[in-house]
Structures are given as C-alpha cells and as structure tokens.
1. Pulled fully out, how much extra length does the chain show between residue 30 and residue 8, if you take 0.36 nm times their separation in residues and subtract their Cα-Cα distance?
2. About its Cα centre, what dipole magnitude does segment 1-45 give when the only charges are +1 on Lys and Arg Cβ and -1 on Asp and Glu Cβ, stated in debye to the nearest 20?
3. Quick one: 17, 26, 12, fewest Cβ neighbours within 10 Å first, how do they rank?
4. Average projected area of the Cα convex hull of segment 1-60, in nm²?
Amino acid sequence: MYACVCFSITEEEIQDEISAGADTEEELGERCGAGTSCGTCVERLGCLLEQARSRPCVDQTLAACPSACDAAALHAGITAAA
Ligand code: FES
C-alpha cells in the first residue's frame, strides 16, 4: 500500500526509512520526498512514526488513519510549528 501517492512510496519504504533513523515527518521528506508535495500523506506518515515508536494510533490500524487518529492531531501541530 502506498503511504505517499505523489512519490509512489510504500508504507514498507517509509518503515525502512524510519528504521534507518528518520524520526519526524520532515526527516522522511528529506530522505525520500514523502509528504513534500500535496501533503495529504503527512498524517499517515505521523501514524507510521507513532507505530514505530511503539505508541500505536488510537485506532491501532492505519486503515482508519488519518481521519480518526489522535496521533494525527499531534503531528499536525508539529508540522504547523515547523
Ligand atoms: S501523497 Fe504524499 S505528498 Fe502527496
């Protein structure tokens, strides 16, 4: 499944970047471009980051993200502050 449609980046590729050290949405964007075009995927990237930190999204599945994810609100704040 694509995490970022604009750049055809899969969730697995995002998880690989997180494993390689990406810790924020901005770092993911710098590494692979995800989230740097339309921005629609940024909340989803945040959920993948949250999962990697073992702080799973409220819904426990990315299928429900980003529409009902508390982590998405957190990351929206981080993104807005950047
Ligand atoms: S879907 Fe990721 S930047 Fe557009």
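Quick note: the coordinates plus some simple rules give every number you see, no bench work behind them. Small disclaimer: the values here were computed from a predicted structure and weren't measured. Neighbour counts run over all protein chains shown; Cβ positions are idealised from the backbone, glycine included.
1. Roughly 6.4 nm would be gained on extension.
2. Values: 2 positive and 11 negative charges, 38 e Å.
Roughly 180 debye for segment 1-45.
3. Details: 17 23, 26 16, 12 10.
Listing 17, 26, 12 from fewest to most nearby Cβ atoms yields 12, 26, 17.
4. Details: hull surface 14.6 nm².
Dividing the Cα hull surface by four gives the mean projection, 3.6 nm².
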